[in-house]
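The structure that follows is given in the form of structure tokens.
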Amino acid sequence: MQVIVLVILEGLVFISIIVLKPYDTRKADVLAGFLAVVRLVCMGLMIAFLPSLKVKAIIRVVIGCIAAVIFSIAVVVMFFNTVWNILHPLFSRKGDPLSPSDSLHSSALEKGSATPSSHSR
């Protein structure tokens with residue numbers, strides 16, 4: 001019974017992510033959707049472990065291995081996402097925080113007389 005409820009809940013989470021698009025960027029919505037699908041699929045695979053279905057042991061092992069591989073893929077995706085989010089701002093022109101030379105011109109920016117790019121680059 002618990003597995004069925006969890007599959008239903010994961011399905012509702014996936015549907016709510018698709019409908020509500022809770023994150024600021026499309027990339028974040030896609031990542032959240034991917035993780036919701038991974039959880040939904042793996043929770044669906046857990047149905048095979050219900051004793052009432054009497055699935056043979058070898059088949060349960062194979063299903064468990066498939067679930068482990070799917071979760072491993074999600075872990076690798078999250079690792080690369082974390083690395084990307086750490087390194088991308090360091091190498092991105094748009095994501096640069098104000099450099100010390102730009103901070104000297106911040107008062108001019110407030111007055112609308114100059115842009116940081118015209119003074120520092």
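The values are calculated or read from the model by the stated rules, or taken from the named source; none is laboratory data. Quantities reported herein were computed from a predicted structural model and do not represent experimental measurements. As a convention, Cβ positions derive from the backbone with ideal geometry for all residues, glycine included, and neighbour counts pool all protein chains shown.
Find all pairs meeting these conditions: Cβ atoms under 9 angstrom apart; at least six residues apart or on different chains; first residue within region 72-83 and touching a residue at least 40 places away in the same chain (Cβ under 8 Å) and under 10 Å from Phe34 (Cβ atoms); second residue assigned to a helix (DSSP H, G or I) and among the β-branched types (Val, Ile, Thr).
Within 9 Å, the pairs are Ala74/Val38; Val77/Val38.
Out of region 1-34, which residues are within 20 Å of Met78 (Cβ to Cβ) and of a type in the set (Gly, Ala, Ser)?
Scanning region 1-34 gives Ala28, Ala32, Gly33.
Scan region 38-63 for residues that are over 22 Å from the mean Cα position of the chain (by Cα), surrounded by 14 or more Cβ atoms within 10 Å (Cβ to Cβ) and small (Gly, Ala, Ser) and jot them down.
Listed by number, the list holds a single entry, Ala48.
With respect to Asp96, is the statement that it is surrounded by 11 or more Cβ atoms within 10 Å (Cβ to Cβ), at pLDDT below 95, in a helix (DSSP H, G or I) and acidic (Asp, Glu) true?
It is false that Asp96 is surrounded by 11 or more Cβ atoms within 10 Å (Cβ to Cβ), at pLDDT below 95, in a helix (DSSP H, G or I) and acidic (Asp, Glu).
Which residue, of Asp24, Asp29, is part of a loop (DSSP other than H, G, I, E, B) and among the acidic types (Asp, Glu)?
None of the others qualify; the one that does is Asp24.
Do any residues in region 12-28 that are more than 15 Å from Val38 (Cα to Cα) and surrounded by 12 or more Cβ atoms within 10 Å (Cβ to Cβ) have Cβ atoms under 8 Å from those of residues that are among the hydrophobic types (A, V, I, L, M, F, W, C) and modelled with pLDDT of 95 or more, where the two are at least six apart or on different chains, and which pairs are they?
Tyr23/Ala32
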